[in-house]
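Accompanying notes for the structure given below.
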Amino acid sequence: MTIRWRLNVLMAERRMTNKDLGERIGKHEVSVSRLRSRDDMPRLDGKELEALCSALGCGVCDLITRGEEYS
């Protein structure tokens, strides 16, 4: 099992662009793109995680999940 980062999935479900999310959380769209392209959990502080959850209307458990490793 491994921790999986689901930001890309949540943004796609909400049809949210990097620019839209960046404006909501106070980050540049390139920074959002880097966060979005990750499969593993990035290092975030509590403020950043709370901002993402608030902007996406989700909980922490929606952003991260435990999943099977790819072979």
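What follows draws every value from the coordinates through simple rules; no lab data is involved. From a predicted model like this one, the values you see are computed outputs, not experimental measurements. With ideal geometry, Cβ positions are generated from the backbone for all residues, glycine too; neighbour counts draw on all protein chains shown.
Summary table below
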quantity	calculated
Test: residue in segment 53-69 that is in a loop (DSSP other than H, G, I, E, B) and touching a residue at least 60 places away in the same chain (Cβ under 8 Å)	yes
Set Arg15, Arg38: member being among the charged types (D, E, K, R) and more than 14 Å from Leu63 (Cβ to Cβ)	Arg15
Subset of segment 1-10 [of a type in the set (A, V, I, L, M, F, W, C), in contact with a Ser or Thr (Cβ under 9 Å, 6 or more places away or on another chain) and more than 13 Å from Arg34 (Cα to Cα)]	Ile3
Pair list, Cβ < 7 Å and 6+ apart or interchain, from segment 24-48 residues that are closer than 12 Å to Ile64 by Cβ to residues that are loosely packed, with under 13 Cβ neighbours inside 10 Å	Asp40/Ile3; Met41/Ile3
Scope segment 52-63; condition of a type in the set (A, V, I, L, M, F, W, C) and either crowded, with 16+ Cβ neighbours inside 10 Å or more than 12 Å from Trp5 (Cα to Cα) (or both); matching residues	Leu52, Cys53, Ala55, Leu56, Cys58, Leu63
Residue tally, condition assigned to a loop (DSSP other than H, G, I, E, B), of a type in the set (A, V, I, L, M) and surrounded by 12 or more Cβ atoms within 10 Å (Cβ to Cβ), over segment 1-51	3
